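Here is the structure we will look at, set down as structure tokens.
The values are calculated or read from the model by the stated rules, or taken from the named source; none is laboratory data. None of these values were measured; they are calculated from a predicted model. Cβ placement follows ideal geometry from the backbone for every residue including glycine, while neighbour counts extend to all protein chains displayed. To get the accessible areas, we keep the full protein, side chains included, count just its heavy atoms, and leave off ligands, DNA and RNA. Shrake-Rupley method; radii C 1.70, N 1.55, O 1.52, S 1.80 Å.
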Amino acid sequence: TDGHHRSKPFSVIGNTFSTIMKKLTVPLLFLLFSCNSLSSHIEQHVDNKVEASKQEMKDEVQNIRQGFITSYKNKSNKLVDSLDKAMLQELYHSVIHADTYLDSLKGEMDKMDEMDVTNIELVKTTFLYKGVGDSIFNKLKTSINAAQNAAGTERQKAVIQAANDSLFNVPADKWKEQFFGLTNPLGASMIIYGFQTELYRIGMEALKNN
């Protein structure tokens, strides 16, 4: 059916967050539910797992970022139409700008003590009431709009639209609450990582050859 056909390409881009959660389920559960009750031996083991997972996420973002930059350069060199080039440049700059912002936020989250339960409220205040969540929402939206404009085929546009609809399935205020209303710094870092990977996957979809 047409509905089945439209949902198939989305499966390539979507469901990023379920994949992320699988990677860090054990250390995250320890941190959320054990906190300061952990013995020093178990705490060190969890810390090691968390640091290894953070490095894995960092490496994956770097790889997909480099792939995006390479694909952008290759496609830009092949374009001759000035309007197409301008839309491609807008996509590139909006994605890199959003990623840089997200990366700086993730860096701040990684500096915080995920074992300190008071940081859950600090994360909530930062993202919900100090404009950070709104900035993330707007920067992602801007990048997705740029990807739509740069996409060369209706199929690419449909894939990008499906990813947009999945990521932004509630209004902005509920969206912020959904992701950052009750999470510690590690959880926030994971969510930001998810936004980064999704951002680049959407950008890469727009860069595919027509």
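On the basis of being closer than 30 Å to residue 115 by Cβ and either among the charged types (D, E, K, R) or modelled with pLDDT under 95 (or both), does residue 165 make the cut? For residue 165, the condition - closer than 30 Å to residue 115 by Cβ and either among the charged types (D, E, K, R) or modelled with pLDDT under 95 (or both) - is not met.
Within segment 65-103, track down each residue that is open to solvent by 50 Å² or more (accessible area, probe 1.4 Å), more than 15 Å from residue 147 (Cβ to Cβ) and either modelled with pLDDT of 95 or more or assigned to a helix (DSSP H, G or I) (or both). The answer is 66, 70, 73, 74, 77, 78, 82, 83, 85, 100, 101, 103.
Conditions: (1) over 17 Å from residue 167 (Cβ atoms); (2) outside any loop (DSSP other than H, G, I, E, B). Residue 114 meets all but one. Number of the miss? Evaluating residue 114 over (1) over 17 Å from residue 167 (Cβ atoms); (2) outside any loop (DSSP other than H, G, I, E, B) leaves (2) as the failure.
Considering segment 126-144 alone, what residues qualify as being open to solvent by 40 Å² or more (accessible area, probe 1.4 Å) and either among the aliphatic types (A, V, I, L, M) or not in a helix (DSSP H, G or I) (or both)? Across segment 126-144, the qualifying residue is only 130.
Residues of segment 160-188 that are among the aromatic types (Phe, Trp, Tyr) and not in a helix (DSSP H, G or I): 168 alone.
Filtering segment 21-52 to residues that are modelled with pLDDT under 80, among the small types (Gly, Ala, Ser) and under 19 Å from residue 185 (Cβ atoms) leaves 34, 37. Entry remark, segment 166-180: residues being open to solvent by 60 Å² or more (accessible area, probe 1.4 Å) and within 15 Å of residue 194 (Cβ to Cβ) number 2 in total. Look at (1) in contact with a Phe, Trp or Tyr (Cβ under 8 Å, 6 or more places away or on another chain); (2) open to solvent by less than 10 Å² (accessible area, probe 1.4 Å); (3) over 29 Å from residue 119 (Cα atoms) and you find that residue 147 fails only one, number (1). For segment 104-120: of the residues being out of contact with any Pro (no Cβ under 8 Å at 6 or more places or on another chain) and open to solvent by less than 70 Å² (accessible area, probe 1.4 Å), which is nearest to residue 131 (Cα to Cα)? Among residues in segment 104-120 that are out of contact with any Pro (no Cβ under 8 Å at 6 or more places or on another chain) and open to solvent by less than 70 Å² (accessible area, probe 1.4 Å), the one nearest to residue 131 (Cα to Cα) is 105.
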